[in-house]
Amino acid sequence: MGRSRYKIIESGKTYFITSSVINWLSLFALPALAGIVVDSLNFLQQQQRVKIHAWVLMETHFHLVATSANISSEMRKMKSYTARCIVDYLKANGPEFLLEQLKFYKKKHKNDQIYQVWQEGLHPKLILDEKMLTGTIEYIHYNPVKRGYVDKPEHWRYSSGRDYIGLKGLVTVKPLV
């Protein structure tokens, strides 16, 4: 994944993954752009390319607990695809200032593109045991609560918090706990 110092070394294992928008721009405050990420996560799950166990999408980043035979490759493809869709959406619908920001903050070495949506890398952390798994899932689900957006994890629509209390969320998940 680009120049990231974070590496996924064990394929088929479960990882906690974080990916952020370039310069922490609040792209996903726009529901249409959040929908692009949600649709992409559902596609990966439906195609059985990635098992998503927990997730949250905030306005500037997402967190996943996921397993895949090649999670690094799948996440790279997902980020590339969503970046193209986000840029296409912004070109067609605006707001123009977001495109200008994606152009301004693009890393200089990325000569083959005009815009950069995602920061490089995934920041993966291998889930080592059940205690780490449950703690990570709780961290993910409480992200919007800690930000003050909702009172309970299940109130945040862009999260698997609903799934973990028996309700249907936006992305089909495969709980591990």
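Numerical summary
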| read-out | value |
| --- | --- |
| Members of the range 17-57 that are under 13 Å from SER68 (Cβ atoms), β-branched (Val, Ile, Thr) and either surrounded by fewer than 16 Cβ atoms within 10 Å (Cβ to Cβ) or within 12 Å of the chain's Cα centre (by Cα) (or both) | ILE17, ILE52 |
| Members of the range 138-177 that are among the aliphatic types (A, V, I, L, M), within 17 Å of PHE28 (Cα to Cα) and part of a loop (DSSP other than H, G, I, E, B) | VAL150, LEU170, VAL171 |
| Complete set of residues in the range 100-129 that are among the polar types (S, T, N, Q), within 18 Å of MET78 (Cα to Cα) and at pLDDT below 90 | GLN113 |
| Conditions (1) assigned to a helix (DSSP H, G or I); (2) crowded, with 16+ Cβ neighbours inside 10 Å; number of the one not met by HIS123 | (1) |
| The range 128-146 residues that are closer than 19 Å to THR60 by Cα and in contact (Cβ under 8 Å) with a residue 60 or more places away in the chain, paired with ones that are part of a helix (DSSP H, G or I) and of a type in the set (Ser, Thr, Tyr) (beta carbon under 7 Å, 6 or more apart) | HIS141/TYR164 |
| Matching residues in the range 45-97 - criterion: being touching a Pro at 6+ places or on another chain (Cβ under 9 Å) and of a type in the set (Val, Ile, Thr) | VAL56, ILE71 |
| Residue match in the range 77-86 (condition: among the aliphatic types (A, V, I, L, M), within 17 Å of GLN45 (Cβ to Cβ), in contact with a Gly (Cβ under 9 Å, 6 or more places away or on another chain) and not in a loop (DSSP other than H, G, I, E, B)) | no |
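Matching residues to (1) charged (D, E, K, R); (2) under 17 Å from the mean Cα position of the chain (by Cα):
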site	(1), (2)
VAL87	no, yes
GLN116	no, yes
GLU154	yes, no
ARG157	yes, yes
LEU167	no, no
VAL171	no, yes
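The values are calculated or read from the model by the stated rules, or taken from the named source; none is laboratory data. Here the structure is a predicted model, which is why all the values come from computation and not from measurement. Neighbour counts run over all protein chains shown; Cβ positions are idealised from the backbone, glycine included.
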